[in-house]
Amino acid sequence: MRKLLRYLRGYIRETILAPLFKMLEASFELIVPLVTAQIIDVGIRTQDTGFIWKMCLVMVALGVIGLVCSLTAQYFSAKAAMGFSTALRKDLFAHISSLSYRELDAVGTPTLITRMTSDVNQAQTGVNLVLRLFLRSPFIVIGALIMAFSIDVPVAMVFLAAVPLISLVIYFIMRWTVPIYKDVQKMLDRISRLTRENHVGARVVRAFGRQQEEIREFDQADSLFTRTQMSAGKISALLNPLTYVIMNLAIVAILWAGSRQVDAGRLTQGEVTALVNYMTQILLALLALANLIVAVTKAAASGVRLNEIFDMNPSLKDEAQQEIKSSFAGSRVVFSNVDFSYTHSGAPALAGITFSAEKGEVVGIIGGTGSGKSTLVNLIPRFYDVSSGKVEVDGYPADRYPLKQLREKVGVVPQRAVLFKGTIRENLRWGKEDATEEEMYRALEAAQALEFVEKMEGKLDAPVAQGGRNLSGGQRQRLTIARALVRNPEILILDDSASALDYATDAALRRALREQSRQAGQEMTVFLVSQRAASVKQADKILVLDDGRLAGAGTHGELLESCQVYKEICLSQLSEKEVAAT
C-alpha cells in the first residue's frame, strides 16, 4: 500500500488539513466533560441558573465548532481519497493497456476487473478512514488519559487497567478476522469470473442446457463467500459486547472509587461524571480505531493485489524509436525457424515455422483445432514476441518497427467479432479516424456488408449495441472486416473471420479483396485463416499446420500430392470432384 501513496502527491494540502481538523475537533470534544463537571459542581450545587445556561451555551458552541471542524475534515479527506482513487484507476487502466497478450493471458480478465473496481474502492476507503481517524483515535485515547490523571491519579489508575484490556480484545478479534478478509477478496475474484463466463457464454450455457449446473456452481461460490463473510462477522460481533462489558466494569470501578474520594472530599460529583465521560470517549475511540484497522487491512490487501499488476512489466517492449522507411506497396512477410510457447504451457504452440509470403499473395492457413493457426498470425503484428527465430516484415525484423508503425501496416480481423457501442460510422473509424464516407462505403462493399447497412435506419449512423448484440453473427463479422479494410492495410489478416458467412458470401468476399487491392494500387498481402478447405484452395500459397508444426506449404494441387494432412482435410469437407478442381 505504501507504493500507492504516491497518488496523494497532488493532494498534500488535503492530506495535512484533514487530520489536523479532526484533531481540532477531538480537542473540543475533550473539553466537554470539564464543562459538564462545572455545570454539576457550580451551577447545580449553587442553583445558579444563569451559570448553567452560560455553560450550556459553551457546550453548544463547542459542539458547533466541533461539527464545523469535522465537516471540514470530512471534505478534505473525501477530496484526497477521491483524487487518490481517480489517479490510481487511471494509471492502472493505462498500465493494463500496456501489457502484452502474454501478461493478460496469465492474469485473466475477471481478476483484472475485480482489481480495477473492488480493490481500488477498498484502497480509497482505507485512505479516507486513515486521514480521518489515524491521528484522532490515538489523540482521544491519550488526551482522555491525561485529562483523567489531571483530575485524580488514584481513580485514573482504573483507566490504565481498562485501556490495555480493551486493546487486547480488539487485537485478538482483529487477528482472527484480518486473514478472513484477505481470503474474501480472492473469493470475489472467483464470483467475478463465474459471472463473466456465464454472461459472455450465456448462449452456450443455454444451448447445452447447463443453466442448473452453472447456477449450482455459482451458488456454491456465493455460499462460500457468504459463510466466510458471516464467520468474520460473528467474530467481529463479539467486539462490542466484550469491550462494553469491560467499559461498564471500568465505569463501576470509577464510580466506586470516585464515591470514596467524594466522601473524603478529594473529588466532586462533577469530576466523577467527567471521568466516566472520558472512559466512554476512550472506548469509542478504540472501537473507531478497530474499524480503521479492519479498513486499513482490507486496503493493504487490495494494495498488494494492485501492486502485483503494477509490478508486472510488459514482456513485449516497444524500444524502436525511428520509423522504418518501406516501399508502401505491400509487405513481404518471412518466418525463419520460428518457435513460440505460451506462458506455463507444457509444449510449444509453434515449432520450426519457416515460410515466406510475397507482396500481393493470398496465403491460406489451415489445420486442425489447436494447431497454431491464430498463434502464427498473431506474431505478425507483434501481439506476442517469438520465443526463438525471426519474423520479418518488408525486409526488417518485426521488433525493429515501432509498434504503432507496424500495426498501421496490418489490418486484423480476429476470430471473435468485436464491435463497440456507438454507430457503424464510429466503429469503422476505429480502422481510420479520418475516413471519408466514400472510403467507408468502399470498405463495406468489399466486406459484403453494404447491402444490409443500406437497409438499416440511419445507415452509417445506425446504432450498434455493446458487442454488436443487435446484429447477427454474419453481420458482425462483415463489419469487422470492413473496419480493417477502411485503412487499406498492406497486410490483411482474416483469422477465421468468415466462419459465419455462407459459401457464396465467402467467395464474393475473397473476390472483392483482390479487386480492392488492385484498385488501390497496392499489393495487399492477405493471410486467410480458415477451417474450410474451400476458402483457402484458391490461395496463392497454403500453409498446413499440424500440432504447431508446418506439415506442408504450397498450392492446392501441390499439397494434394505431397501433404497427407491437407488431403485428409479436403476429403473430409469436399467431394472428390471439388478436391480435384484447382
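The values are calculated or read from the model by the stated rules, or taken from the named source; none is laboratory data. What you are looking at is a predicted structure, and each value in this text was computed from that prediction instead of being measured. Cβ atoms come from the backbone with ideal geometry, glycine included; neighbour counts cover every protein chain shown. The area values use the complete protein model at the heavy-atom level, side chains included, leaving out ligands, DNA and RNA. Shrake-Rupley method; radii C 1.70, N 1.55, O 1.52, S 1.80 Å.
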Give Val42, Val68 a once-over and let me know the one that is out of contact with any Ser or Thr (no Cβ under 9 Å at 6 or more places or on another chain), on the phi < 0 side of the Ramachandran plot, surrounded by fewer than 18 Cβ atoms within 10 Å (Cβ to Cβ) and at pLDDT 90 or above. Val68
Looking only at the stretch 258-279, filter to residues that are polar (S, T, N, Q) and buried (at least 16 other Cβ atoms within 10 Å of the Cβ); which one of those is nearest to Ile166 (Cα to Cα)? Asn277
Consider the stretch 205-218. How many of its residues are open to solvent by less than 90 Å² (accessible area, probe 1.4 Å) and either among the basic types (Lys, Arg) or under 20 Å from Arg190 (Cβ atoms) (or both)? 6
Which listed residue is open to solvent by less than 30 Å² (accessible area, probe 1.4 Å) and within 30 Å of Ile12 (Cα to Cα), from Ala156, Ala123: Ala123
Those residues of the stretch 431-448 which are part of a loop (DSSP other than H, G, I, E, B) and either more than 21 Å from Asp495 (Cβ to Cβ) or modelled with pLDDT of 85 or more (or both) amount to Glu433, Asp434, Ala435, Thr436
Would you tally the residues in the stretch 164-184 being in contact with a helix residue (DSSP H, G or I) (Cβ under 6 Å, 6 or more places away or on another chain) and in contact (Cβ under 8 Å) with a residue 60 or more places away in the chain? 10
What pairs come up if the first residue lies in the stretch 195-207 and is without any contact (Cβ under 8 Å) to a residue 12 or more places away in the chain, the second is assigned to a helix (DSSP H, G or I), and their beta carbons are under 7 Å apart, counting only those six or more places apart or on different chains? Val205/Asn198; Val205/Gln211; Val205/Glu214
Count - residues of the stretch 466-513 that are small (Gly, Ala, Ser), surrounded by fewer than 22 Cβ atoms within 10 Å (Cβ to Cβ) and on the phi < 0 side of the Ramachandran plot: 9
Which numbered condition Asp105 fails, given (1) modelled with pLDDT under 80; (2) buried (at least 19 other Cβ atoms within 10 Å of the Cβ); (3) in contact with a Ser or Thr (Cβ under 7 Å, 6 or more places away or on another chain): (2)
Trp176 meets each of (1) surrounded by fewer than 22 Cβ atoms within 10 Å (Cβ to Cβ); (2) more than 20 Å from Leu239 (Cβ to Cβ) with one exception, condition (2)
How many residues of the stretch 329-354 are of a type in the set (Val, Ile, Thr) and open to solvent by 50 Å² or more (accessible area, probe 1.4 Å)? The answer is 2
Tally time: how many residues in the stretch 45-57 are surrounded by fewer than 16 Cβ atoms within 10 Å (Cβ to Cβ) and closer than 27 Å to Ile140 by Cβ? 3
Is it true that Ala106 is assigned to a helix (DSSP H, G or I) and closer than 16 Å to Glu308 by Cβ? yes
Residues (touching a Leu at 6+ places or on another chain (Cβ under 9 Å), under 24 Å from Val529 (Cα atoms) and without any contact (Cβ under 8 Å) to a residue 60 or more places away in the chain) located in the stretch 406-429: Asn427, Leu428
Considering (1) open to solvent by less than 60 Å² (accessible area, probe 1.4 Å); (2) over 30 Å from Thr195 (Cβ atoms), say which one Val60 fails and leave the rest. (1)
Using the structure shown, decide if Ala202 is of a type in the set (Gly, Ala, Ser), loosely packed, with under 14 Cβ neighbours inside 10 Å and farther than 30 Å from Ile173 by Cα. yes
Residue that is more than 30 Å from the chain's Cα centre (by Cα), farther than 30 Å from Glu271 by Cβ, part of a helix (DSSP H, G or I) and among the aliphatic types (A, V, I, L, M), where the choices are Ile235, Ile191: Ile235
If you take just the helices (runs of 4 or more DSSP H) that sit entirely in the stretch 454-551, which of them hold at least 3 residues that are modelled with pLDDT under 85 and among the charged types (D, E, K, R)? 503-519
When restricted to Leu283, Leu292, Leu255, Leu242, the only residue over 30 Å from the mean Cα position of the chain (by Cα) and open to solvent by less than 60 Å² (accessible area, probe 1.4 Å) is Leu283
